[in-house]
Amino acid sequence: MRYSEMFLPTTREVPSDAEVKSHQLMIRAGLIRKLTGGIYSYLPLGYRVIKKFERIIREEMDRAGAQEVFLPAVQPAELWIESGRWSLYGKELLRVRDRHNRDYCIGPTHEEVITSIVRDEVQTYRQLPLNLYQIQTKFRDEIRPRFGVMRSREFGMKDAYSFDADEEGAGKSYQKMFDAYKRIFARCGLHFRAVEADSGAIGGSYSHEFMVTADSGEDALVYCPHCEYAANLEKAEVIKPAFRPIDAMTFLPLETVHTPDARTIEEVCSFLQVKPQDVVKTLVFVVDGKPLAVLVRGDHEINEIKLKNFFDADSIELASEDIIREVTGSPRGFAGPAGIKSDIIADYALMTMTNFVVGANRQDYHNKNCNIGRDFTIKTFADLRFITETDGCPRCGGPVTFARGIEVGHVFKLGTKYSKAMGATFLDKDGANKLLIMGCYGIGIGRTVAACVEQMNDNDGIIWPMPLAPFQVVVTPVNVSDQATIAAAESLYVELQKKGVEVLLDDRDERAGVKFKDADLIGIPLRVTIGAKRLAEGNLEVMLRKSKKISIVPLANVVDSVTGMIEAEMIDIRSKTGGEE
Ligand code: ATP
Ligand code: MG
């Protein structure tokens, strides 16, 4: 492609809503343009990268035995009513009505559609296992679209769905996708981690998120540098403390103290001159319509997902002021466990606590020296909070590290959730009619490309890894009015193309400085510079974008040299087996 003919509007202007580097660079390098909030167009350079990434995905999905389909973006409401998600999905679902007053949605995901197809077409175990995937546009009316295509409302996703006859098969299908994802992200040259993620009440490690590590990432993750353990913060387990019998002889007399206006942990601590570790927070929730008091240590944060999973609940929310009063007899901020009208459960950390501070269920009062067993009883202890830096690794006990990441992919064991709701069954070997066991597997196309930019850039611009680069080489004649220069550039352009190399020829009548700046900004991995002086000596310059290292190459060797470097850059990434950090 000739630069002079290419629609490649680079710009120095960065929109004020571009908070992260990748968003800024994708605009500046002319990859994307915003149409309206959370909705972006890909321009030619950006779309070349997208297509390259999609090709890598297709190769690895096909290699893993999945088959490509293409499902409709518009989905009838009936299917979503069957699965129960028409009412559960909420405002992220873009609903539309046609001229006959029928309801539809623009697909945010395709479990319903694929389950309806497979339900109709798969009758026996002989047709299993089956894995179908597509690359398609999704729409999610995100409450806070941001970071450009990283969290947009309309976005491309690769989604795959597996169907198996039994648990063992479903486990194999999951593993195949897990391995394929590792290869896909490794081939993009990304530093990433597969972390355990929440899978609802199914429990176990049946959901993994693929996180590209980046300080600007929206997700928090925890990993252990000593063993394999890695999880997102929501999921990360906390070790149960060793059982230590509590000696009631150490209990001090309960004391009710006046704590005017002290509602928060900080206020209570400063008033009573105690540490947050000596205080217990009492939070009243409504779990599937029933009030419940949850106790956590003052310096710990309750994890509502763990609470929801513990009860396998459909809904959980913090109680309203009215319910708090009804249950505890006191306003918010002074609730405590003694004498209240609901069940109480406590985080594991309370197993070893004695003589702690709690609310006294009375405006402006707290209780000191409160103790489990003497002053109130609990239903059970459970893991109900977020892990902290001082907790040990749940597998090996060593210290854990916190990091931030961008979720680029997600593999999930669905079990029979959709097949049950939608009646997707098959006839098994034993003649019994059984529910299909499903898995679903997603990769955000634009988000992954943006994550690459986020991880691979410098002050001058993007540094594309060779496998995703929109062009592999940019040929830059320094002075286009010099006949010898332009002749050499044109001939190299043709020769490289003959070898199958993707070349951008910067034939613009611009100063060399401008051309170099643009080449750096758009991040082409190799730049061949043709200047009159070196050319007279029979040489050219080849520069590697990522290191800015320049080699002087004789004109006669340049095609071999460039193709060799391209090959080396491709292998470099592929040879990183697994690619994980
Ligand atoms: P998030 O927690 O970031 O909202 P999610 O759990 O809703 O993600 P999934 O439903 O698992 O995402 O979708 C699969 C993949 O689609 C994600 O791993 C991500 O790469 C991509 N994706 C999800 N939402 C968006 C979005 N708003 N913009 C761009 N990509 C997205
Ligand atoms: Mg989401």
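The values are calculated or read from the model by the stated rules, or taken from the named source; none is laboratory data. Everything numeric here is computed off the predicted structure, so don't read it as measured data. For neighbour counting, all protein chains shown are included, and Cβ atoms are generated from backbone atoms with ideal geometry for every residue, glycine included. Please note that ligands, DNA and RNA were not included when accessible areas were found on the heavy atoms of the full protein model with its side chains. Shrake-Rupley method; radii C 1.70, N 1.55, O 1.52, S 1.80 Å.
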Please compute the modelled spin-label separation between L555 and R144, points set 7 Å along Cα→Cβ, answer in nm with one decimal. 5.9 nm
Evaluate the Debye formula for the chain with equal point scatterers sitting on the alpha carbons, no solvent, and hand back log10 of I(q)/I(0) at q = 0.07, 0.09, 0.10, 0.11 Å⁻¹, in q order, two decimals. -0.57, -0.85, -0.98, -1.09
Cysteines (scope the chain) whose Cβ has no counterpart Cys Cβ under 4.7 Å: C105, C188, C269, C370, C440, C452
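State the three equivalent ellipsoid semi-axes of the stretch 399-503, derived from the C-alpha gyration tensor as the square roots of 5 times its eigenvalues, in descending order and whole Å.
Numbers: eigenvalues 551, 102, 18 Å².
Listed largest to smallest, the semi-axes of the stretch 399-503 are 52, 23, 10 Å.
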Table column - 3J(HN,Hα) (Hz), the stretch 333-343, Karplus curve with 6.51, -1.76, 1.60, x for Gly and Pro: x, 10, 5, x, x, 6, x, 8, 9, 9, 5
With Cα coordinates, the longest principal axis of the chain makes an angle with the long axis of helix 483-498, in degrees rounded to 10, of 60 degrees
Heavy-atom accessible area per residue - the chain, 1.4 Å, Å²: 46 Å²
Quickly rank 518-525, 115-122, 9-16, 412-419 as a protection proxy: mean count of other C-beta atoms within 10 Å, highest first. 518-525, 412-419, 115-122, 9-16
If the label point sits 7 Å along Cα→Cβ of D120, residues of the stretch 421-444 with amide N under 13 Å come out as none
Provide the per-residue ³J(HN,Hα) series for the stretch 38-50, in order, calculated from phi with Karplus coefficients 6.51, -1.76, 1.60 and θ = phi - 60°, each as a whole number of Hz, with x at glycine and proline positions. x, 10, 10, 9, 9, 8, x, 5, x, 5, 4, 5, 4
What accessible area, in Å² to the nearest ten, does a 1.4 Å probe give for R187? 30 Å²
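Pull out a ≥ b ≥ c, the square roots of the eigenvalues of the alpha-carbon gyration tensor of the stretch 200-346, then state rounded if a/c is under 1.5, prolate if not and a/b is larger than b/c, and oblate in the remaining case. Please list the in-between numbers first.
Details: a/c = 1.85, a/b = 1.53, b/c = 1.21.
Note, shape of the stretch 200-346 comes out prolate.
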With θ set to phi - 60°, apply the Karplus curve 6.51 cos²θ - 1.76 cosθ + 1.60 along the stretch 278-290 and write out the HN-Hα couplings as whole Hz, x wherever there is a Gly or Pro. 9, 10, 10, 8, 10, 10, 9, 10, 10, 10, 6, x, 10
Enter the angle in degrees (range 0 to 90, nearest 10) between the Cα long axis of helix 111-121 and the first principal axis of the Cα atoms of the chain, meaning the one along which they spread out most. 80 degrees
For T328 the rounded accessible area (nearest 10 Å², probe 1.4 Å, non-protein molecules ignored) is 10 Å²
Taking 22 Å as R0, compute the FRET efficiency from the Cβ-Cβ separation of E301 and L272 and round it to 0.05. 0.55
Between helix 558-574 and the chain: long-axis angle, C-alpha atoms, 0 to 90°, nearest 10: 10 degrees
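Can you bin the stretch 1-137 into rounded, prolate or oblate? Criterion: square roots of the alpha carbon gyration tensor eigenvalues sorted a ≥ b ≥ c, rounded for a/c under 1.5, prolate for a/b above b/c, oblate for the rest. Write down the numbers at each step before the final one.
Working: a/c = 2.85, a/b = 1.54, b/c = 1.85.
Verdict is oblate for the stretch 1-137.
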Which value, in Å² and to the nearest 10, is the accessible area of Y348 when all protein chains are kept and the probe is 1.4 Å? 50 Å²
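Shape call for the stretch 428-556 from the C-alpha gyration tensor, a ≥ b ≥ c root eigenvalues: rounded (a/c under 1.5), prolate (a/b greater than b/c) or oblate? Show your work: numbers first, answer last.
Values: a/c = 3.82, a/b = 2.59, b/c = 1.48.
Note, shape of the stretch 428-556 comes out prolate.
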5 angstrom amide H check on L94, placed H, neighbours 5+ away: I106, D141
Sequence-separation-based contact order of the chain, relative, with Cα cut under 8 Å and 6+ spacing, percent: 17 percent
Just from its helices, what would the mean residue ellipticity at 222 nm be for the chain, if runs of 4 or more DSSP H residues each count -39500 (n - 2.57) and the sum is divided by every residue, rounded to the nearest 500 deg cm²/dmol? -8500 deg cm²/dmol
Please list, in order, the residues from the stretch 143-170 whose amide nitrogen is less than 15 Å from a point placed 7 Å along the Cα→Cβ vector of D17. 143-155
Calculated FRET efficiency, K341 and E59, Cβ-Cβ r, R0 60 Å, to nearest 0.05? 0.50
Listed by chain and number, the residues whose amide H is under 5 Å from that of T282, excluding neighbours fewer than 5 places away on the same chain and using placed H, are G359
